[in-house]
Amino acid sequence: SIESPDYRKLVATMEELEESRKIADEERMRADVANQAKSKFLAKMSHEIRTPINTIIGMNEMVIRESSEDEVLQYAADIKNSSEVLLSLVNEILDASKIESGKMEINPVDYSPEKMLNDLFNMIDLKAKDKNLKLVFDIDPEIPVKLYGDDIRIRQNMMNLLTNAVKYTISGTVTLKIKCIRELDVSDNEGV
């Protein structure tokens with residue numbers, strides 16, 4: 001049989017395309033393997049780092065309970081705040097690796113917004129005072145005493161917002177304003 005030049009070009013082009021596809025598939029597989037290795041490394045390191053941080057927090061808690069010296073208690077409060085911020089950062093790294101690997105889960109529970117806000121205020125207020133800033137929480141009294149959601153993620157996000165607000169505010173006041181907006185839920189005629 002006689003092959004035309006156009007047919008030979010077509011076959012050559014198809015062979016080039018097939019070779020390019022194979023190379024692209026191999027590169028994609030290598031990238032996936034590298035990404036999985038990175039995610040596993042981040043998850044493992046995050047877990048490994050959290051253990052000593054939790055130990056520091058626990059030992060520091062013993063110092064707070066047993067000491068009556070104001071100066072020691074102030075140092076212990078600084079250690080507690082710094083440890084909690086560090087732990088929060090490590091948790092964010094772990095969350096990022098979970099998001100990348102598609103393993104991030106939302107864990108909704110009933111939680112007390114009052115307790116969460118009180119904890120956040122106590123943690124951030126020390127940082128604000130260190131910068132001679134005033135921290136104000138303007139909380140709508142209509143907020144229910146119990147909410148349903150992933151309190152860990154909500155706390156992390158609020159902590160990030162407040163920490164950055166204090167970090168980047170030069171003088172004056174940092175205000176967190178929370179307002180309750182009720183929406184009608186068709187299923188039970190209630191909703192927040």
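Side notes on the structure shown:
- Matching residues, region 107-126, being in contact (Cβ under 8 Å) with a residue 12 or more places away in the chain, open to solvent by 50 Å² or more (accessible area, probe 1.4 Å) and more than 23 Å from I181 (Cβ to Cβ): N107, L126
- Of all residues in region 11-40, those that are closer than 29 Å to D95 by Cα have Cβ atoms under 9 Å from Cβ atoms of residues that are of a type in the set (G, A, S), 6 or more apart or on another chain, in N35/S101; Q36/S101; K38/S97; S39/A96; S39/S97; S39/S101; K40/S97; K40/S101.
- Residues satisfying the stated conditions in region 58-95, i.e. touching a residue at least 24 places away in the same chain (Cβ under 8 Å) and either open to solvent by 90 Å² or more (accessible area, probe 1.4 Å) or closer than 19 Å to F121 by Cβ (or both): A77, D78, N81, S83, E84, V85, L87, S88
- Among the residues of region 138-157, those identified as under 18 Å from K177 (Cα atoms) and of a type in the set (A, V, I, L, M) are I139, I143, V145, L147, I154.
- Of all residues in region 163-174, exactly one satisfies the criterion of being assigned to a strand (DSSP E or B) and either at pLDDT below 90 or surrounded by 12 or more Cβ atoms within 10 Å (Cβ to Cβ) (or both), namely V174.
- Qualifying residue in region 106-114 (condition: part of a loop (DSSP other than H, G, I, E, B), of a type outside the set (S, T, N, Q) and either under 18 Å from R50 (Cβ atoms) or in contact with a Phe, Trp or Tyr (Cβ under 7 Å, 6 or more places away or on another chain) (or both)): yes
- For region 41-57, taking the residues that are of a type in the set (D, E, K, R) and open to solvent by 80 Å² or more (accessible area, probe 1.4 Å), the one that is modelled with the lowest pLDDT is identified as K44.
- Some residue of region 17-34 being of a type in the set (D, E) and closer than 24 Å to N122 by Cβ: no
The values are calculated or read from the model by the stated rules, or taken from the named source; none is laboratory data. Computed from a predicted structure; not experimentally measured. With ideal geometry, Cβ positions are generated from the backbone for all residues, glycine too; neighbour counts draw on all protein chains shown. Each accessible area value is taken on the protein alone, full model and side chains, heavy atoms only, with ligands, DNA and RNA left out. Shrake-Rupley method; radii C 1.70, N 1.55, O 1.52, S 1.80 Å.
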